[in-house]
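Student: Okay, here's the structure, questions in a sec.
The values are calculated or read from the model by the stated rules, or taken from the named source; none is laboratory data. From a predicted model like this one, the values you see are computed outputs, not experimental measurements. Neighbour counts are summed over all protein chains in view; Cβ atoms, including those assigned to glycine, are modelled from backbone coordinates with ideal geometry. Calculation scope for accessible area: heavy atoms of the full protein, side chains included, ligands and nucleic acids excluded. Shrake-Rupley method; radii C 1.70, N 1.55, O 1.52, S 1.80 Å.
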Amino acid sequence: MKKCLLCNQMFAPVLSLNQLLSWRKWHEEQLCHHCLAQFEFLPTISCKICSGKLLQDADKESLICSDCRRWQKIYGNNVLYHQAVYLYNQAFHDLMVNYKRYGDYVLCYVLQDLCYKNLAKIKADYYVPIPTSASHIAERQFDTVSAIYGDLVNLTAILGKIDGQQAQGEKSRKERLQSKQSFFIKAKYNIDLNMKKVLLLDDIYTTGRTLYHARDAVLTTFPKAKISSFSVCR
């Protein structure tokens with residue numbers, strides 16, 4: 001029996017036959033089935049570029065959402081292909097408020113529970129987390145994105161972030177889209193990402209502005225890198 005990290009009730013994790021017979025350490029479930037059911041998967045028919053829900057203003061025939069049509073106007077065919085797992089609903093909102101605003105570190109294990117199966121299906125040469133600013137790390141005492149993925153994949157934290165800018169979560173949609181580039185490649189990393197598969201990792205994809213900025217920063221130094229991205233929620 002385990003204690004659910006959200007409701008504190010005891011529950012029995014379900015183990016598959018493959019897990020029982022495997023010599024490898026498997027991921028231990030952190031959520032009871034009741035709490036897990038509060039998180040809503042993205043629809044099967046979603047945007048073919050960013051995994052987003054197709055709203056009324058989306059191009060239903062081409063399966064491209066309004067956000068990605070906007071990015072196509074800027075980047076042409078060089079759009080960022082993104083995979084996500086869950087839709088941003090009230091349960092996810094509450095989870096992220098406690099995790100990021102109040103710095104409840106233990107909730108990184110809940111986020112791992114929500115995404116580890118999907119992340120395991122994506123193979124990359126390098127897994128690059130979106131960095132947290134130094135001021136937010138000082139406030140929370142941990143990097144919110146690296147805390148989620150650090151136990152699941154080997155991270156290559158080549159991106160740095162300019163401090164002093166307003167957090168994305170505090171901005172309106174318009175302000176997010178107008179955000180200036182804040183990412184850079186850290187000088188200490190002496191690696192070559194050209195012709196390598198690079199997966200950018202974030203917690204939430206909202207408008208895509210953050211991940212496009214991160215991709216642009218990587219491409220400035222490694223123009224031939226093959227970059228896609230992943231988040232727990234869209």
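Student: When a/c is below 1.5 the answer is rounded, else prolate if a/b is larger than b/c, else oblate, so apply that to the chain with a ≥ b ≥ c taken from the square roots of the Cα gyration tensor eigenvalues.
Tutor: rounded
Student: Within the chain, what whole-number % of the accessible surface is contributed by carbon and sulfur, with the 1.4 Å probe and all protein chains included in the calculation?
Tutor: Carbon and sulfur together cover 51 percent of it.
Student: Next question, about the same structure. Over the chain, with a Gaussian network built from C-alpha contacts below 10 Å, which listed residue (Gln72, Gln83, Gln112) shows the highest mean-square fluctuation?
Tutor: For the chain, modelled as a Gaussian network with Cα springs under 10 Å, the answer is Gln72.
Student: Ignoring everything but the protein chains, give the 1.4 Å probe accessible area of Leu31 in square angstrom, nearest 10.
Tutor: 0
Student: Write down the accessible area per residue of the chain in Å², having rolled a 1.4 Å probe over the full set of protein chains.
Tutor: Spelled out: the 1.4 Å probe surface of the chain, per residue, equals 56 Å².
Student: In sequence order, what are the phi-derived ³J(HN,Hα) couplings for the range 123-130 according to the Karplus relation 6.51 cos²θ - 1.76 cosθ + 1.60 with θ = phi - 60°, rounded to whole Hz, with x for glycine and proline?
Tutor: Once rounded to whole Hz, the list reads 9, 9, 7, 9, 10, 10, x, 6.
Student: Hey, another quick one. For the chain, set up a Gaussian network in which alpha carbons nearer than 10 Å are linked by springs, and say which option among Tyr81, Tyr189, Tyr109 fluctuates the most.
Tutor: It is Tyr189.
Student: Let me ask you something else. Pull up all non-local amide H partners of Tyr86: gap of 5 or more, or a different chain, and H-to-H distance under 5 Å with H placed in the peptide plane.
Tutor: For Tyr86, whose amide H was placed from the backbone, the distant partners under 5 Å are Leu42, Cys233, Arg234.
Student: Roughly how many nanometres apart are two label points built 7 Å out from the Cα toward the Cβ at Ala138 and Arg176?
Tutor: Result: 2.7 nm between the two label points.
Student: Using just the helices of the chain, give the 222 nm mean residue ellipticity in deg cm²/dmol: DSSP H runs with n ≥ 4 each add -39,500 (n - 2.57), and the total is spread over all residues, rounded to 500.
Tutor: That comes out to -8000 deg cm²/dmol.
Student: Can you pull the one-decimal nm distance between simple spin-label points at His33 and Tyr81, each 7 Å off the Cα toward Cβ?
Tutor: Going from the His33 label point to the Tyr81 one covers 3.5 nm.
Student: Select from Ile191, Ile162, Ile64 the residue whose mean-square fluctuation is largest in a Gaussian network model of the chain (Cα-Cα springs shorter than 10 Å).
Tutor: It is Ile191.
Student: Rank these by accessible area, largest first, 1.4 Å probe: Ile137, Ile130.
Tutor: So the residues, ranked largest to smallest area, are Ile137, Ile130.
Student: Taking 19 Å as the cut-off for C-alpha to C-alpha distance, list the pairs among Lys3/Lys121; Lys121/Lys196; Lys73/Lys224; Lys121/Lys186 that go past it.
Tutor: Where the Cα-Cα span goes over 19 Å, the pairs concerned are Lys3/Lys121; Lys73/Lys224; Lys121/Lys186.
Student: Here is a further query. Does anyone have the angle between helix 209-221 and the longest principal axis of the chain? Alpha-carbon axes, 0 to 90°, nearest 10?
Tutor: Once rounded, one gets 60 degrees.
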